[in-house]
Ligand SMILES: [Ca+2]
Ligand SMILES: [Ca+2]
């Protein structure tokens with residue numbers, strides 16, 4: 001029994017030492033997950049009423065994703081979605097729009113995500129802010145293997161951004 005426990009410990013340690021899942025991606029070619037956790041509206045672009053917010057994601061090698069939600073100040077949109085891509089194909093671009101009609105839509109901002117190895121696995125907050133609007137987007141890049149392990153173990157968002165944002 002004792003020997004078996006030692007063996008398990010050795011195997012677990014071996015896994016973490018041998019696997020890129022325990023550390024940073026071993027090469028830019030690793031499949032990674034972009035996880036969008038939430039979007040926070042601090043101030044709307046529209047003068048009256050809610051913004052018609054559209055999150056646009058250009059994922060390398062994939063078709064563009066568009067997600068929509070009306071948002072007012074102090075609203076938090078829990079997006080909670082993951083997108084997988086090969087880091088060799090470039091970096092995802094995150095765009096945020098306020099849709100207007102009949103006026104042209106307002107581009108609130110756009111950002112490349114951190115490439116793997118720069119802020120890898122840590123939560124990142126993008127801020128799109130002018131004197132007329134203010135938004136924040138929380139995202140995270142992880143190795144796909146890390147994503148799978150965390151997902152299986154049920155503590156995927158243990159280290160998610162501070163919940164004081166989530167009112
Ligand atoms: Ca507008
Ligand atoms: Ca609008």
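Which is free of Cβ contacts under 8 Å to residues at least 40 places away in the same chain and more than 16 Å from ligand 1 (Cβ to nearest atom), of 92, 104, 73, 60?
That would be 60, the only listed residue that is free of Cβ contacts under 8 Å to residues at least 40 places away in the same chain and more than 16 Å from ligand 1 (Cβ to nearest atom).
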If you take just the strands (runs of 3 or more DSSP E) that sit entirely in region 80-141, which of them hold at least 2 residues that are within 16 Å of ligand 2 (Cβ to nearest atom) and crowded, with 16+ Cβ neighbours inside 10 Å?
-> 93-99, 106-112
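Results for (1) touching a strand residue (DSSP E or B) at 6+ places or on another chain (Cβ under 6 Å); (2) modelled with pLDDT under 90, shown as yes or no for each residue.
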{"position": "22", "(1), (2)": "no, yes"}
{"position": "27", "(1), (2)": "no, yes"}
{"position": "31", "(1), (2)": "yes, yes"}
{"position": "44", "(1), (2)": "yes, no"}
{"position": "53", "(1), (2)": "yes, no"}
{"position": "65", "(1), (2)": "yes, no"}
{"position": "71", "(1), (2)": "yes, no"}
{"position": "76", "(1), (2)": "yes, no"}
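The values are calculated or read from the model by the stated rules, or taken from the named source; none is laboratory data. All figures in this text were calculated on a predicted structure; none of them were measured in a lab. With ideal geometry, Cβ positions are generated from the backbone for all residues, glycine too; neighbour counts draw on all protein chains shown.
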